[in-house]
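What follows is a short report on a single structure.
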Amino acid sequence: MTIVRRMVGVGLSTVAMVSAMAAFGPSAQAATAAGTSCTNTGSGSLCLAVDPKGYDISYHKLSGGKAHVDFNLVCDNGRWFGDEGSFSISAGQVRTYVFSVGSQGACRGKLIDKTTGSTWLTGKVSR
């Protein structure tokens, strides 16, 4: 299983998802595009999208201090997947991670704040 973490600049798709969330507020957990689900974390947006290799999770931190967080993928079939470990992120940064796990059916992206223990889940995305 090949898993890739990458740090990227703000892309048009992220801007579109953040704009949609801003327009609809914190309750905008519905899919913003086919195969994509986002949730507002209070300091940014967490999104899960279908990827040719599996599922692509992204966190766009918009405000607040540096955070120490971790990505997980939680699926309805009872399986869950971790990434390559926790990482730090600051306001203005975007981090993404592809869970190269093929089709697992309906899954949610999970963000864990390793300092506070807070967690956030996206809505379900099916592949």
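The values are calculated or read from the model by the stated rules, or taken from the named source; none is laboratory data. Just so you know, these numbers come straight off a predicted model, no measurement behind them. All Cβ positions, even for glycine, are placed from backbone atoms using ideal geometry, and neighbour counts span all protein chains on display.
Summary table
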{"read-out": "N72 vs. criteria touching a strand residue (DSSP E or B) at 6+ places or on another chain (Cβ under 6 Å) and modelled with pLDDT of 95 or more", "value": "yes"}
{"read-out": "Within the stretch 30-42, considering residues that are modelled with pLDDT of 95 or more and not hydroxyl-bearing (S, T, Y), the one surrounded by the fewest Cβ atoms within 10 Å (Cβ to Cβ)", "value": "G42"}
{"read-out": "Failed criterion for V94 (all others in (1) modelled with pLDDT of 95 or more; (2) closer than 15 Å to R127 by Cα hold)", "value": "(2)"}
{"read-out": "Residue under evaluation T116, criteria (1) in a loop (DSSP other than H, G, I, E, B); (2) of a type in the set (S, T, N, Q); (3) surrounded by 13 or more Cβ atoms within 10 Å (Cβ to Cβ), criterion not met", "value": "(3)"}
{"read-out": "Total residues in the stretch 45-69, condition free of Cβ contacts under 8 Å to residues at least 40 places away in the same chain and in contact with a strand residue (DSSP E or B) (Cβ under 6 Å, 6 or more places away or on another chain)", "value": "3"}
{"read-out": "Candidate set: the stretch 43-76, residues that are touching a helix residue (DSSP H, G or I) at 6+ places or on another chain (Cβ under 9 Å), under 15 Å from W120 (Cβ atoms) and hydrophobic (A, V, I, L, M, F, W, C); chosen: the one surrounded by the fewest Cβ atoms within 10 Å (Cβ to Cβ)", "value": "L62"}
{"read-out": "Among the candidates S27, S58, S45, S63, residue that is modelled with pLDDT of 95 or more and more than 18 Å from T96 (Cβ to Cβ)", "value": "S63"}
{"read-out": "When residues of the stretch 77-105 are limited to those that are more than 25 Å from G42 (Cα to Cα), among the small types (G, A, S) and free of Cβ contacts under 8 Å to residues at least 60 places away in the same chain, the one surrounded by the fewest Cβ atoms within 10 Å (Cβ to Cβ)", "value": "G78"}
